[in-house]
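So the structure is just underneath, and the comments pick up after that.
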Amino acid sequence: MTEMAHHKAGAEHGETIHLPAPTHWPIILAFGCTLLAAGLVTTPGIGIFGGVLIVTGCVGWFRQVLPHEAHEDVPVRADKVVIETSRRSVERLQFGPDQRVHLPVETYPIRSGIKGGIAGGFAMILPAILYGLITQHSIWYPVNLLGGAGVANWSHVTTAEIASFHWSWLMIAIVIHGITCLLVGLLYGAMLPILPRHPVLLGGLLAPLLWTGLLHSSMGVINPALDAHISWGWFVVSQVTFGVAAGLVVARDNRIRTSGRLPFFARIGLEAPGLMESNPHAGPPAAERPGPGHQEKH
Amino acid sequence: MADQTLPIAGTLGVTPQRSRSSRLLAWLHEWVITVDHKKLGILYISYSLIFLLVAGAEAICIRIQLAMPNNHFLSPEVFNRLFTMHGTTMVFLVGMPILFGFANYLVPLMIGARDMAFPRLNAFSFWLTAFGGLLLYYSFLGGFGLYGMGNAPDVAWFAYAPLTEKAFSPGHSTDYWALALIVSGFGTLGTAINIIATTLSMRCRGMTLLRMPLFVWLMLVVSAMTLVTITPLTAAQAMLVIDRYLGGHFFDTQAGGSAVAWAHFFWIFGHPEVYILVLPAFAIENEIVPVFSRKGIFGYPAMVAASVGIGFVSMGVWAHHMFTIGLTSVGNTFFVLSTMLVGIPTGIKIFNWLATMWGGRIRFASPMLFATAFIFQFLIAGLTGIMLSVAPWDWQLHNSYFLIAHFHYVLVGAIVFNVFAAIYYWYPKATGRMLDEKLAKWHFWLFVLGFHITFDTMHFVGFMGMPRQIYTYLPDRGWGPLNLVISIGGFIQAIAVLIFVYNLVHSYFRGKEAGNDPWDAWTLEWSTPSPPPVYNFATDPVVYSRRPLWDLKHPEDPDWKYES
């Protein structure tokens, strides 16, 4: 049944409205279905009786709707229903100077974050390799640590094995590193409107610290073996390198205007009237706006 | 200045004089053959309230049994049947039907339609649900079990395999459980299809998706979830029936079947089911909080997104019920994280309700009292849910009363509270009478008191190691005093519910006239007479904003000026 088919009648006063006629076939069919099931736990006779009711119910139902649905005409009696409120005045919430009603007018596009993520991903390779060379005399040590995170049976590996070259671990490390840098960059881009004036601060300090804190607190649960091999000091250095590189790339990009012309409250979804500026293009056509003519619409 | 008048019809009521008994029969016949969504909604709600009393009585029996150590008020067999029937009844015969009852009654009214999309299917769905419940309870008489006498199912509401196999559950009690739920499950599916079709195709002019009341949005999400989740349950029950009648081995572990498969089938239904129950409670909250705070809902788009988000995420968390069965570390990690993820959209909702109340002119009428308690209690339930989502924590406490406390905080503290809120809010619309506010306050405060005495204490007895579904316990465990407190809380809740029932009946005959819009609300159902005529609206409503009645009441400052 479509909206139009249902409502087209739009009965005037003194007329009738077509509604589906009451029918006993649904209850008969439902009872039949129940008895059919009950037959399994009682006696076959009850199941058979249920089957008979099902057939009867289906035939009766079909005859009700085919070839035309049975309807009844319900007379309409027009009563006046008054739509009114005792609360006539509308109070507008007031905001003091200490309350934050700030929205950036300009911000960086999200693609800046992605570009920053890619740049940061390359930049952080340097401190990671330095870490490998200084602590284990091997550039493969940090690579294998990252690759090891994606290998399920990595728990009994020795330090010498981690410091040596493995094709499969390298491939896994590249995949993890690439995807993570892209996603973190994307996240960075999405978060930029929070601190649009200081992308380097956000990317170079806040985000690395938050990310490191999250990993530090959860890595012991997710992968204890990997957790035991990570040097968190060097980890922070590489994250900061990532963030600074990403921040610099973003800072060099052009800003774009946000949809700041929209009222703040509309952007955060607040619906309270009086808080937002008017939208003269919304609402009913002039002829249908509230007034004597509008009353007849409901 | 506000006297906007609407030509909305009353009813025609020229009834010839008849005898009292024939009038009663005619009245009954009218209800039996009805396809009117409002009457079916009332039938759903009445049916559920009756079963709420039944399940409540079962709970009281359970609590008497557990009030003292070494108690033998019930036999072990009866105890097993009662907690099985209590759980099954509350979830399948109270929770779902009552919420679908509200959807039936309100969705067409809220979207400006005259009925559901498929009125006959609507009637069929209700009667299937109703007969399914009656079939389940007939098991007390007809469910011949081990002792050759009538007995009810005794396999708990989740009916784990292989307990449900013939070898361990002889007789028919388990068959009654499976068959009754299959029957009522088809009824639920029919209603879900109907709500989706109605919402998508029968909205009045101007009611775009983003102007729909949040109640309707949430019912749409719930119905979609129902279609996805009832199906595996019905399939599993069909397999169980095949096992028991045709010698199948789906869940027969002695013949190569898998008990874990049943657990997966059940919980892929069972966990989204919790959201199917709680989302309508959110829906009720979304309507009541703004009206009684005298402010528009805060963050409508975010509320819609969070509801849809909960619907999606809830489909991927089922195995957190199975941490104690044993999962791989990858499985544990996935389900821990996915379960925690649900906290984000639900958190958004809690913050938005608080933001709606913030700065508002709050009126603590009975619906708002229950709705406010809901927020607090649902927050606690969510926090204990996050605790249980952590697998090692769950290993310790899953099979204890801590979990029962968490679960009841959701089902009672959130859902039942908002069901009461909804009844106080919409009863005047459905009957034309206000519920007595003084009795309502007694109901609220006693119920809050009883609820917290019972379920707060239950957390502690769980911490002390009391297992769930235990028949009795020894005095030296130290659980006795706390269990007594829990049971006393249960009795206080029972008294509160009896006051509520008395209020329902008393106010129907003696209640104050409600008028059309007793709460000064903003959605379309309040523009109809109370109770609404069979056709709902004499002429098609046209809406221009999310609060059409606000626009009429405040023509100088309508919402459509601010909604883009």
- [ ] Kindly indicate which of B:ASP115, B:ASP154 is in contact (Cβ under 8 Å) with a residue 24 or more places away in the chain and away from chain A (no Cβ under 14 Å).
- [x] B:ASP154
- [ ] Could you check, for segment B:506-523, whether at least one of its residues is surrounded by 21 or more Cβ atoms within 10 Å (Cβ to Cβ) and not in a loop (DSSP other than H, G, I, E, B)?
- [x] yes
Open item on the list: Please verify whether B:ASN503 is part of a loop (DSSP other than H, G, I, E, B), under 24 Å from B:ILE423 (Cβ atoms) and polar (S, T, N, Q), treating the condition exactly as stated.
Closed with: no
- [ ] Take the residues in segment B:60-108 that are under 28 Å from B:GLU285 (Cα atoms), touching a helix residue (DSSP H, G or I) at 6+ places or on another chain (Cβ under 6 Å) and β-branched (Val, Ile, Thr), then tell me which one is surrounded by the most Cβ atoms within 10 Å (Cβ to Cβ).
- [x] B:VAL107
Task: Condition met for A:LEU205 (surrounded by fewer than 19 Cβ atoms within 10 Å (Cβ to Cβ), at pLDDT 85 or above and of a type in the set (A, V, I, L, M, F, W, C)) - done: no
- [ ] Please tell me if B:LEU135 is within 9 Å of another protein chain (Cβ to nearest Cβ) and either closer than 24 Å to B:THR523 by Cβ or in contact (Cβ under 8 Å) with a residue 40 or more places away in the chain (or both).
- [x] yes
Task: Failed criterion for B:PHE364 (all others in (1) surrounded by 20 or more Cβ atoms within 10 Å (Cβ to Cβ); (2) more than 11 Å from chain A (Cβ to nearest Cβ) hold) - done: (1)
Open item on the list: Among the residues of segment B:307-333, what is the count of those that are within 11 Å of another protein chain (Cβ to nearest Cβ) and not polar (S, T, N, Q)?
Closed with: 1
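Every residue, every condition in (1) part of a helix (DSSP H, G or I); (2) in contact with a helix residue (DSSP H, G or I) (Cβ under 8 Å, 6 or more places away or on another chain); (3) more than 30 Å from B:ASP559 (Cβ to Cβ), yes or no:
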| residue | (1), (2), (3) |
| --- | --- |
| B:PHE215 | yes, yes, no |
| B:ALA238 | yes, yes, yes |
| B:GLN254 | yes, no, yes |
| B:HIS264 | yes, yes, yes |
| B:ILE268 | yes, yes, yes |
- [ ] Would you please name the residue that is modelled with the highest pLDDT, looking only at residues in segment A:1-24 that are part of a loop (DSSP other than H, G, I, E, B) and more than 7 Å from chain B (Cβ to nearest Cβ)?
- [x] A:ALA21
Open item on the list: Name the single residue that is modelled with the lowest pLDDT among those in segment B:458-487 being closer than 12 Å to B:LEU403 by Cα and part of a loop (DSSP other than H, G, I, E, B).
Closed with: B:GLN469
Open item on the list: With at pLDDT 95 or above and assigned to a helix (DSSP H, G or I) as the only criterion, which of B:PHE334, B:PHE282 stands out?
Closed with: B:PHE282
- [ ] Taking A:LEU215 as meeting all but one of (1) under 25 Å from the mean Cα position of the chain (by Cα); (2) of a type in the set (A, V, I, L, M, F, W, C); (3) over 30 Å from A:VAL157 (Cα atoms), write down the number of the exception.
- [x] (3)
TODO: Being surrounded by fewer than 23 Cβ atoms within 10 Å (Cβ to Cβ) and either out of contact with any Gly (no Cβ under 9 Å at 6 or more places or on another chain) or modelled with pLDDT of 95 or more (or both) is the filter here, so list the residues in segment B:294-304 that pass it.
DONE: B:VAL304
TODO: Please work out which one of (1) within 22 Å of A:ALA245 (Cα to Cα); (2) at pLDDT 85 or above is the condition A:PHE165 fails and give its number.
DONE: (1)
- [ ] Kindly indicate the residue of segment B:69-93 that is over 16 Å from B:LEU53 (Cβ atoms) and hydroxyl-bearing (Ser, Thr, Tyr) and also modelled with the highest pLDDT among those meeting that condition.
- [x] B:THR84
Task: Number of positions in segment B:174-205 that are surrounded by 19 or more Cβ atoms within 10 Å (Cβ to Cβ) and touching a strand residue (DSSP E or B) at 6+ places or on another chain (Cβ under 8 Å) - done: 1
Task: Matching residues, segment B:206-249, being free of Cβ contacts under 8 Å to residues at least 12 places away in the same chain and either surrounded by 22 or more Cβ atoms within 10 Å (Cβ to Cβ) or of a type in the set (A, V, I, L, M, F, W, C) (or both) - done: B:LEU209, B:ILE242, B:LEU246
Open item on the list: Condition check: charged (D, E, K, R), free of Cβ contacts under 8 Å to residues at least 60 places away in the same chain and over 28 Å from B:ALA55 (Cβ atoms). Does B:LYS561 satisfy that?
Closed with: yes
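Okay, residues lined up against (1) within 29 Å of B:GLY132 (Cα to Cα); (2) facing chain B (nearest Cβ under 10 Å); (3) part of a strand (DSSP E or B); (4) not charged (D, E, K, R):
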{"position": "A:PRO26", "(1), (2), (3), (4)": "yes, yes, no, yes"}
{"position": "A:ALA38", "(1), (2), (3), (4)": "yes, yes, no, yes"}
{"position": "A:ARG87", "(1), (2), (3), (4)": "no, yes, no, no"}
{"position": "A:VAL90", "(1), (2), (3), (4)": "no, yes, no, yes"}
- [ ] Would you tally the residues in segment B:496-517 being under 25 Å from the mean Cα position of the chain (by Cα) and over 18 Å from B:GLY413 (Cβ atoms)?
- [x] 10
Open item on the list: Against the condition among the basic types (Lys, Arg) and either assigned to a helix (DSSP H, G or I) or without any contact (Cβ under 8 Å) to a residue 40 or more places away in the chain (or both), how does B:LYS295 come out, does it pass?
Closed with: no
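Among the residues of segment A:102-145, which ones are among the aromatic types (Phe, Trp, Tyr) and not in a helix (DSSP H, G or I)?
Scanning segment A:102-145 gives a single hit, A:TYR108.
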Task: Selection within segment B:16-58 - outside any helix (DSSP H, G or I), of a type outside the set (D, E, K, R) and under 25 Å from B:ALA117 (Cβ atoms) - done: B:ILE33, B:THR34, B:VAL35
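The values are calculated or read from the model by the stated rules, or taken from the named source; none is laboratory data. In this text the structure is predicted, and so the values were computed from the model without any measurement. Virtual Cβ from ideal backbone geometry, glycine too; neighbours counted across all protein chains shown.
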